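Q: Below is the structure I would like to discuss, written out as structure tokens.
The values are calculated or read from the model by the stated rules, or taken from the named source; none is laboratory data. Keep in mind it's a predicted model, so treat the numbers as computed, not measured. All Cβ positions, glycine included, derive from the backbone under ideal geometry; neighbour counts span all protein chains shown. What goes into the accessible areas is simple: the full protein's heavy atoms, side chains included, and nothing from ligands, DNA or RNA. Shrake-Rupley method; radii C 1.70, N 1.55, O 1.52, S 1.80 Å.
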Amino acid sequence: MPVGTPSDLVIAPMLIVLVTAVLTLVLGRRPRARVGVSLVGGAGYVLAVTAIAWYVVLAPDAPGIATYQVADLPAPFGITLVADGLSAFMLTMVAAIGITSLVFSARTLPELDRRSYYFPLFHFLLLGVTGAFLTGDLFNLFVWFEVMLMASYIFVAYYGGAQHTRAAFWYVALNLLASAVFLLGVGGLYATTGTLNMADLARRLAEPAAYGIDPGPVVGLLALLLSVFAIKAGLVPFQFWIPTAYRSAPPQVTAVLAGASKKVGIYAILRLSFTIFAGAQVGVDLAVPGVGTVVAGTSPLAFVGAALFVMAAASILVGGIGAVGRSSLEGILAYSSIGQVGFIAVPVAIAATTTAPELRQLAIVAALVYALNHTLAKGLLFLSVGAVRSATGTSQLADLGGLAGRSPPLAIAFFVGSLALVGIPPLSGFFGKLLVFDAAARAGTMPVLVLLVGGSVLTIAYTTRTWNRSFWGTRTAAVSRATVDPVKIGVLLALTGTILAVGIGFEPVYEFADAAAAAALDVEGYVEAVDPADPDAAGGEQM
Amino acid sequence: MRTTARAVVPIIFVVSASLFVEGHNLPGGGFIAGVLTTTAFAVLYLAFGLDFLERGVLGRDVEPGKEPSRDRIVTAYRRLFTIGLVIAVTSGLVPLLFDLPFLTQSYVELEGVPIYDHVELASALAFDLGVYCVVVGGLLTILSVVGAE
């Protein structure tokens, strides 16, 4: 495998963040060098991700998928890294929010914190997210989840201070439970199918008879894994950790948690449902006593779709209604995140339920575009809150007012972020909403459309309330004293520009999302690219 | 307790060393050897108290009642953690210089070594050493800081 091929690109972003994390750890005593290395590493990460997106997916002669066998061990024995359209799309999102938050962190942290473990942890968080998007092995996915969680535990627990220790404890306890369930699901899948390589799993589940597998338990195991990913994504009824965790972590880290870590949950649901389990033929017959058969079908996707519909609907309502009643900026944004993930999950559910290939692809495109919009807009809003908090020392609505007059650029950033959440053209949010509504309309389900309209009205309600309370109105004492760092304003405006650019030049973004959705659905291409060896056919000579 | 510790701790060290060396072909390796080494330290701490290592073994003066995380030995543990991480990552990166994928391992067989006659020197040992340092450094930092509170 020569250096310099698309195949080597696959591991590049991971190596860059890993080396940066270690270097920042070594440079603990030189805060300036540490910040410098951290930013250079971030820039390298963006370059590597851009290279993957271009050479693997977008370039005219791009292969569409590239694989990397760590340590030269052949699949399915070694760990395979796979970069396809879906991974590349997700990574691009992470790179955008990651570098922004990094620059913001470099300006925000007081001298004391630059000496601490902030930057190494930040890069380990990025490493976990990146690994989760790139791995082609289910157990390895578990490992990257843990890497990501370890870093986020410290951000939530340590930076939250004493009053948030309780919240941090719940966060850690819940996630440990989720990890245990994840491990249980992974173990069950291994016992059922005899492999954990994703491509190998997809192949074996598509023709269970050829491999002597009974796919019966698969639906239950998928349900276990789905609940784990729903915890990470923060879907109702697993949403309760979000508000406290998002309040405790520093705002620039919350931007990454909401923008990147949450998307890992969405990504895992997409990858698992459509790439791995789509081919499995299992009779699903879910009956609720007294109601009769609720879900019936021949694919585990029927179950995924039904479960996601319920969770997404509840998320939109809980998130929207919760956000209207919060009293602090972080609280509003955290509840808003719950609702927005519901908006992402609705098209995923539509994709899982439908059997028409065009609609399925359209629905996944809708979910991806909406996820991209959420990452950009929510990232921008959380960073704005960080700027507001470090300038005024508060994020309570009661203590804020008249910010728009005090710092017009900050107000513009917050305004655009809010409008992108609502979905006003020409911002990125408009196309996200449009595609979601389009998918729902084509699926022909009236209740879903009503739900989406209701959710949008709630979004308008809470963004308007936040805007009126904090940016308009009479200037409070805290706001009068505030001065906002110009570099932070620059970062916020750059992100604002990105949201505008995505909305105005939507064509290439749509093509990228379309390629990502096609990659998510292209099971054959995925299996072929990884090409796992068949241990039975090989006569065990590779072991 | 102290008598048992005197007998048990050397045995633990030897077993952990053997687990470490044979890790790449047999059950064992850096992680498990590191955990075992840490248990040896834990036994020492339990039997002789937290200051024993610095005062009794290293012959340094210890002021009582100071913050545990300022201890010199804790700084050493932290440094071990960082060094381990550097070793592990570097050993993974070396194969890239030879046009091989990340983490690719190789081994050299040494013949005619006294007593053993035949020894396999695997490059995985470098990675394992890194893991070992990370585990020992990390766990001991936690153990001594949390143990002091």
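Q: Find, among the chymotrypsin sites (Phe, Trp or Tyr not before Pro) in segment A:122-153, those assigned to loop by DSSP (not H, G, I, E, B) with at most 10 other beta-carbon atoms within 10 angstrom.
A: Filter output for segment A:122-153: empty list.
Q: What FRET efficiency comes out for A:THR50 versus A:ARG29 if R0 is 35 angstrom and r is the Cβ-Cβ distance? Round to the nearest 0.05.
A: E(calc), rounded to 0.05, equals 0.60.
Q: Under a point spin-label approximation (7 Å from Cα along Cα-to-Cβ), what is the A:TYR190-B:VAL145 distance to one decimal in nm?
A: 3.2
Q: Between segment A:187-208 and segment A:309-333, how many Å separate their Cα centres?
A: Rounded to whole Å, the Cα centres lie 37 Å apart.
Q: I've got another one for you. Which angle from 0 to 90°, rounded to the nearest 10, does the C-alpha axis of helix A:428-443 make with the longest principal axis of chain A?
A: Once rounded, one gets 40 degrees.
Q: If you don't mind, there's one more thing I want to ask. Which order do the peptides A:521-527, A:275-281 come out in when sorted by mean C-beta neighbours inside 10 angstrom, highest first?
A: Most protected by this proxy first, the peptides run A:275-281, A:521-527.
Q: Same structure again: Any idea how far apart B:ALA17 and A:PHE169 come out in nm if each label point goes 7 Å out from Cα toward Cβ?
A: Taking the two extended label points, one gets 4.4 nm.
Q: Using only alpha carbon pairs under 8 Å that are at least six residues apart, calculate the relative contact order of segment A:31-139 and give it in whole percent.
A: After rounding, I find 33 percent.
Q: Go ahead and estimate [θ] at 222 nm for chain A from helices alone: -39,500 (n - 2.57) per DSSP H run with n ≥ 4, summed, over the residue count, rounded to 500.
A: About -23500 deg cm²/dmol.
Q: Counting pairs of alpha carbon atoms under 8 Å apart in space and at least six apart in sequence, what relative contact order in percent does chain A give?
A: The normalised contact order for chain A reaches 16 percent.
Q: Determine the sum of side-chain charges near A:PHE89: Lys and Arg each +1, Asp and Glu each -1, restricted to other residues whose C-beta is under 13 angstrom from that of A:PHE89.
A: Surrounding charge for A:PHE89 is -1.
Q: In whole angstrom, how far apart do the alpha carbon centroids of segment A:24-42 and segment A:120-169 sit?
A: Here the answer is 20 Å between Cα centres.
Q: When only DSSP loop residues count, what trypsin sites (Lys or Arg not before Pro) in segment A:1-98 have their Cβ near at most 12 other Cβ atoms within 10 Å?
A: When the trypsin sites (Lys or Arg not before Pro) of segment A:1-98 are filtered for loop state and at most 12 Cβ neighbours within 10 Å, A:ARG29 remain.
Q: Can I ask one more? If you project the alpha carbons of chain A onto the principal axes, what extent comes out on each, in Å, largest first?
A: Reported extents, whole Å, longest axis first: 75, 58, 47.
Q: Inside 10 Å of the C-beta atoms of A:67-74, what's the mean count of C-beta atoms belonging to other chains?
A: Other-chain Cβ atoms within 10 Å of each residue's Cβ, averaged: 4.
Q: Quick one: Karplus J couplings for segment A:153-158, per residue in order, coefficients 6.51, -1.76, 1.60, θ = phi - 60°, nearest Hz, x for Gly and Pro?
A: 3, 5, 4, 6, 7, 7
Q: Can you send over the carbon and sulfur percentage of the accessible area for segment A:6-528, probe radius 1.4 Å, protein chains only?
A: Using a 1.4 Å probe with all protein chains present, segment A:6-528 comes out at 68 percent carbon and sulfur.
Q: Along Cα→Cβ, 7 Å out, is where each label goes; now give me the distance between the ones at B:THR39 and A:LEU183 in nm to one decimal.
A: 1.7
Q: Do any trypsin sites (Lys or Arg not before Pro) in segment A:396-454 lie in a loop, going by DSSP, with at most 16 other beta-carbon atoms within 10 Å of their beta carbon, and if so which?
A: Taking segment A:396-454 and a limit of 16 other Cβ atoms within 10 Å, no loop trypsin sites (Lys or Arg not before Pro) are found.
Q: Could I ask something else about it? Pairs of Cα atoms under 8 Å, at least six residues apart: use those to get the relative contact order of segment A:81-195, whole percent.
A: Rounded, it is 23 percent for segment A:81-195.
Q: Is there a pair in A:LYS232/A:LYS378; A:LYS262/A:LYS378; A:LYS232/A:LYS433 whose C-alpha atoms are over 21 Å apart, and which pairs would that be?
A: A:LYS232/A:LYS433
Q: When the dipole is taken about the Cα centre of segment A:6-528, and only Lys, Arg (+1) and Asp, Glu (-1) are charged at their Cβ, what size is it in debye, to the nearest 20?
A: The calculation lands at about 2320 debye.
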